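The values are calculated or read from the model by the stated rules, or taken from the named source; none is laboratory data. Nothing here was measured: the structure is a model prediction, and the numbers come from that model. Positions of Cβ are backbone-derived with ideal geometry, glycine not excepted, and every protein chain shown enters the neighbour counts.
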């Protein structure tokens with residue numbers, strides 16, 4: 001658990017020697033608490049104090065990576081229970097399970113479908129993160145399918161098997177690519193740990209309850225395995241939700257290092273809708289990785305959108321660069337639409353303009369990422385700011401007319417805006433959905 005500035009001060013020599021670059025030890029302690037400086041600045045720090053401070057600076061939930069290179073996936077290093085307290089740092093990984101009992105043709109078809117799950121939403125690319133190969137046949141087939149997956153996709157690999165020999169064969173195929181090994185239990189902990197040490201891979205520790213899980217992670221750490229995901233055994237969804245929440249709470253609030261690891265959940269159901277609802281629960285509540293089986297674009301998009309919404313910084317709304325954008329073959333006679341630089345507002349307007357097939361200009365105003373009504377209420381979307389944006393964009397040189405269209409929800413500012421800008425203000429529809437018909441009749 002992170003120490004406060006005063007807690008850190010108590011561990012310092014309190015000489016005020018200034019060799020750290022600060023006037024007092026207290027000032028240095030406050031900067032250490034903010035992680036703005038390192039421990040190496042103090043030449044008189046005792047070894048015991050250094051160990052205590054280094055331990056306190058470790059994240060409550062360990063950061064664990066799977067895979068290598070550009071596709072590497074990371075989970076953990078979370079600092080809060082609730083998003084509004086700060087933000088969630090590493091988005092939950094979404095992966096697909098492929099059984100090695102499938103034929104090569106079926107596997108290739110599914111991998112192609114998974115690779116095609118790429119979506120754009122409010123200017124961000126959304127896609128899944130991992131592929132898991134589950135052992136249903138023998139060790140040779142398991143290794144063969146692992147190779148097939150590696151040859152046909154860029155995603156980091158999860159190797160799922162209860163058979164140590166099958167895992168060994170799979171790891172030989174994936175050597176150097178840091179796959180995630182699923183899983184170590186009380187029965188095979190020593191063998192699984194030895195395997196992961198040999199191949200330098202992260203490991204999933206799986207137990208029936210949190211007490212058993214604490215004992216298992218302690219055992220694995222004692223054998224040199226630090227990069228762990230944790231999993232709880234099968235249980236009703238409400239109980240699992242409670243227990244996963246307790247894992248997060250124990251790590252963050254009680255500094256329970258034995259539970260300070262990202263959580264993996266398998267959300268598998270023959271009914272795609274039930275599977276999606278289960279997966280959504282774990283994305284919302286603390287999973288580091290969620291594995292599903294159904295490869296359905298609608299299910300994937302809903303889960304990816306949910307993840308995007310949860311893992312954005314609540315204190316920094318998604319926003320685009322405030323400037324003039326052309327849509328289609330926008331020319332000097334094309335209409336000019338005014339909106340904010342909140343990503344969702346801009347891309348909603350953009351989508352409707354594209355649907356109308358009417359070339360247009362969109363003038364995005366810097367509202368610090370606020371939506372139209374929020375920005376207007378906060379005085380970030382004002383006649384003066386819009387007039388300044390018109391001037392900065394050089395709109396007079398871009399279009400040959402003098403009309404701008406504002407959202408219907410802020411029609412009240414039209415008079416003041418016309419006076420501030422010298423442009424004729426046209427009040428558009430309140431909702432972006434009304435833009436296609438509006439633009440087709442606009443002159």
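Of the residues making up the stretch 219-239, those that are buried (at least 20 other Cβ atoms within 10 Å of the Cβ) and over 24 Å from residue 98 (Cβ atoms) are 220, 225.
Among the helices (runs of 4 or more DSSP H) confined to the stretch 1-107, there are none with at least 1 residues that are surrounded by fewer than 17 Cβ atoms within 10 Å (Cβ to Cβ), in contact with a strand residue (DSSP E or B) (Cβ under 9 Å, 6 or more places away or on another chain) and assigned by TED's automatic domain parsing to the domain that holds residue 196.
Based on this model, can you work out whether residue 255 counts as surrounded by fewer than 20 Cβ atoms within 10 Å (Cβ to Cβ) and touching a residue at least 60 places away in the same chain (Cβ under 8 Å)? Talk me through it step by step, then tell me what you get.
Details: surrounded by fewer than 20 Cβ atoms within 10 Å (Cβ to Cβ): yes; touching a residue at least 60 places away in the same chain (Cβ under 8 Å): yes.
Yes: the conditions hold for residue 255.
Kindly indicate whether residue 114 is assigned to a helix (DSSP H, G or I), under 22 Å from residue 103 (Cα atoms) and within 29 Å of the chain's Cα centre (by Cα). Give the derivation first.
Numbers: assigned to a helix (DSSP H, G or I): yes; under 22 Å from residue 103 (Cα atoms): yes; within 29 Å of the chain's Cα centre (by Cα): yes.
Yes; evaluated as a whole, the condition is true for this residue.
All of (1) in contact (Cβ under 8 Å) with a residue 40 or more places away in the chain; (2) surrounded by fewer than 18 Cβ atoms within 10 Å (Cβ to Cβ) hold for residue 302 with one exception: (1).
Tell me which residues, restricted to the stretch 383-399, are out of contact with any helix residue (DSSP H, G or I) (no Cβ under 7 Å at 6 or more places or on another chain) and farther than 22 Å from residue 436 by Cα.
In the first step, residues of the stretch 383-399 are kept if they are out of contact with any helix residue (DSSP H, G or I) (no Cβ under 7 Å at 6 or more places or on another chain); the result is 385, 388-389, 391-399.
385, 388, 389, 391, 392, 393, 394, 395, 396, 397, 398 - these are the residues of the stretch 383-399 that are out of contact with any helix residue (DSSP H, G or I) (no Cβ under 7 Å at 6 or more places or on another chain) and farther than 22 Å from residue 436 by Cα.
Among the listed residues 303, 291, identify the single one that is assigned to a strand (DSSP E or B), over 23 Å from residue 85 (Cβ atoms) and not assigned by TED's automatic domain parsing to the domain that holds residue 397.
Working: 303 fails: assigned to a strand (DSSP E or B).
One residue alone meets the criteria, 291.
Are any of the residues in the stretch 224-239 in contact with a strand residue (DSSP E or B) (Cβ under 7 Å, 6 or more places away or on another chain), modelled with pLDDT under 95 and part of a loop (DSSP other than H, G, I, E, B)? Yes, the stretch 224-239 contains a residue that is in contact with a strand residue (DSSP E or B) (Cβ under 7 Å, 6 or more places away or on another chain), modelled with pLDDT under 95 and part of a loop (DSSP other than H, G, I, E, B).
Does residue 404 satisfy the criteria of being part of a strand (DSSP E or B) and within 22 Å of residue 367 (Cα to Cα)? Yes, satisfied.
Out of the residues in the stretch 269-288 that are assigned to a helix (DSSP H, G or I) and within 20 Å of residue 80 (Cα to Cα), state the one that is farthest from the chain's Cα centre (by Cα).
281
Scanning the stretch 168-184 for residues that are in a helix (DSSP H, G or I), out of contact with any helix residue (DSSP H, G or I) (no Cβ under 6 Å at 6 or more places or on another chain) and crowded, with 22+ Cβ neighbours inside 10 Å yields no hits at all.
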